[in-house]
Amino acid sequence: MYAIVECGGRQYRAEEGGNLSVEKLPYEVGEQIELDNVLLLSNGAGVQIGQPSVSGASILATVVDQYRGKKIFVWKYKPKKRYRRRRGHRQYYTKLRIDTIVTGGSTPRQETKAVETKAVEPQKTERDDLTKIEGIGPVTAGVLGNVGINTYAELAQTDVDRLEAVLNDAGVGAVPATWPQQAQLAADGKWDELATLQDKLEGGREVED
């Protein structure tokens, strides 16, 4: 069992039989004291959190020693003023032995195990390389992606009028007349037929012999 207790404006973890060093308290060595500002109690099977302190709970401890901590130095310096000062300080402490943690009849609530949750990875949007379509460059492919046209199949199912409207809104001066036809061949995996068609195209439109 352990408890979190506040003493002198600081919080400490206290366990029965253990020692605790707190800022100086006005008690003699060998005197037993009571610390009643218990913020949390845990008995291994449950935890009780105070609001702000646990009602009826306290810690009985015996003063073991009154001592001073390690000396620290504080330097003060002002440039161009020939001002340098060094001050030393040793903090006073009281060493306590924790005798008993009194629960006051309170029953810590059972600890619940945290349910492990796995982060859900965002679904990746399926994309084809639309730049393989004659007349579509990286910028135009980005414009099409912004309106949800990311694959050959999606492009093949989009009519030319809509493509022209999308390009006009984006200020792209491309000619999409043959894009659905090219995209259908690419979606079907007919790359040889697509290459033959593209040999007759320039910028996405058919070139007359």
Of everything in the range 14-42 that's part of a loop (DSSP other than H, G, I, E, B) and aliphatic (A, V, I, L, M), which residue is farthest from TYR2 (Cα to Cα)?
VAL29
Residues within the range 43-74 that are part of a loop (DSSP other than H, G, I, E, B), aliphatic (A, V, I, L, M) and surrounded by 11 or more Cβ atoms within 10 Å (Cβ to Cβ), tallied:
2
Helices (runs of 4 or more DSSP H) wholly in the range 135-202 with at least 3 residues that are among the acidic types (Asp, Glu) - which ones?
160-170, 191-199
Quick check, is GLY18 of a type outside the set (A, V, I, L, M, F, W, C), out of contact with any Phe, Trp or Tyr (no Cβ under 7 Å at 6 or more places or on another chain) and at negative phi?
yes
Condition set more than 37 Å from the chain's Cα centre (by Cα) and hydrophobic (A, V, I, L, M, F, W, C), scope the range 12-34, selection surrounded by the fewest Cβ atoms within 10 Å (Cβ to Cβ): answer is VAL29
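No lab work stands behind these numbers, since they all come straight from the coordinates. What you see is a predicted model, and the numbers here were worked out from it, not measured in a lab. Positions of Cβ are backbone-derived with ideal geometry, glycine not excepted, and every protein chain shown enters the neighbour counts.
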